[in-house]
Amino acid sequence: MSPPIARPFPRFIADAGVEGLPYGRHAQRLRDALAHACEPHVSEAGGPPGEVTWFPERSWGGRVYVPAVAPVEGAARPSEYFGYVSFVRTEDGEPADIRALADFTDQTADTNPHWQIDLNEEVIGTWRGEGERRGDVTLVWGTPLIRGAQAATAELDGDVVDQTPVSDERFTLIAVDAVKGFPDDLYLEVSLWTNKGQRLSGESLYEPE
């Protein structure tokens with residue numbers, strides 16, 4: 001038996017993916033949804049999305065989340081769209097209730113050679129604990145920009161709250177971020193690891209003011 005823990009925030013809340021990266025007709029349906037989500041930004045971003053790079057799927061709250069990035073075609077400077085497509089996987093494996101969210105940025109790995117991880121994140125839900133304890137359920141996806149990364153972890157003040165293999169130089173995590181209601185507010189940090197457990201790099205998602 002173990003005593004109650006001092007900080008009972010959620011750990012490992014996401015299900016692992018059951019499908020590989022999207023392809024064929026499935027990929028086209030997801031791309032169409034993502035392109036539609038990009039449409040309101042096309043004028044400001046400088047162009048439509050180009051070829052989509054999909055990231056491994058993860059599931060939470062009954063929905064499957066497939067993150068993505070795509071270059072902005074025709075933009076005056078390197079820019080990219082980032083976002084995700086989510087859906088409910090039916091019993092026959094077909095996606096239903098497809099939804100997508102997208103935004104764009106001109107802060108890319110091409111213009112930031114000092115980056116060691118190219119990260120994106122979006123809040124997809126909320127967690128509420130006892131009293132004032134709360135946090136943002138956050139989808140995190142990224143690409144290692146250093147060699148040797150075999151796994152990625154999401155951590156809150158040193159506690160691992162999600163982990164996943166790095167597959168095709170991509171990874172996806174889902175964890176609670178911006179946790180409040182404890183003596184100190186807690187913010188996610190993403191770390192990269194070798195297959196021998198050596199930490200290669202770490203980056204905080206959010207630095208409080």
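The values are calculated or read from the model by the stated rules, or taken from the named source; none is laboratory data. In this text the structure is predicted, and so the values were computed from the model without any measurement. Counting neighbours? That spans all protein chains shown, and the Cβs are built from the backbone with ideal geometry, glycine included.
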Is segment 97-116 home to any residue that is under 30 Å from GLY181 (Cβ atoms) and in a loop (DSSP other than H, G, I, E, B)?
no
So, in segment 69-80, of the ones that are without any contact (Cβ under 8 Å) to a residue 40 or more places away in the chain and part of a strand (DSSP E or B), which residue ends up surrounded by the fewest Cβ atoms within 10 Å (Cβ to Cβ)?
PRO71
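Out of VAL66, VAL88, which single residue is in contact with a Leu (Cβ under 7 Å, 6 or more places away or on another chain) and either of a type outside the set (A, V, I, L, M) or closer than 22 Å to PHE171 by Cα (or both)? Break it down into steps so the answer makes sense when it comes.
Details: VAL88 fails: in contact with a Leu (Cβ under 7 Å, 6 or more places away or on another chain).
Exactly one of VAL66, VAL88 is in contact with a Leu (Cβ under 7 Å, 6 or more places away or on another chain) and either of a type outside the set (A, V, I, L, M) or closer than 22 Å to PHE171 by Cα (or both), namely VAL66.
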Within the set of pairs 6+ apart or on separate chains, which have a first residue in segment 141-154 that is more than 19 Å from PHE12 (Cβ to Cβ), a second that is crowded, with 17+ Cβ neighbours inside 10 Å and among the basic types (Lys, Arg), and C-beta atoms under 6 Å apart?
THR143/ARG170
Just one of the numbered conditions (1) surrounded by fewer than 16 Cβ atoms within 10 Å (Cβ to Cβ); (2) assigned to a helix (DSSP H, G or I); (3) in contact (Cβ under 8 Å) with a residue 12 or more places away in the chain is not true of PRO8; which one?
(2)
Residue under evaluation THR172, criteria (1) at negative phi; (2) outside any strand (DSSP E or B); (3) modelled with pLDDT of 95 or more, criterion not met
(2)
Among (1) small (Gly, Ala, Ser); (2) buried (at least 24 other Cβ atoms within 10 Å of the Cβ); (3) over 19 Å from GLY129 (Cβ atoms) - the single one ALA175 does not satisfy
(3)
Residue, surrounded by the fewest Cβ atoms within 10 Å (Cβ to Cβ), within segment 18-62, restricted to residues that are among the polar types (S, T, N, Q) and over 20 Å from the mean Cα position of the chain (by Cα)
SER43
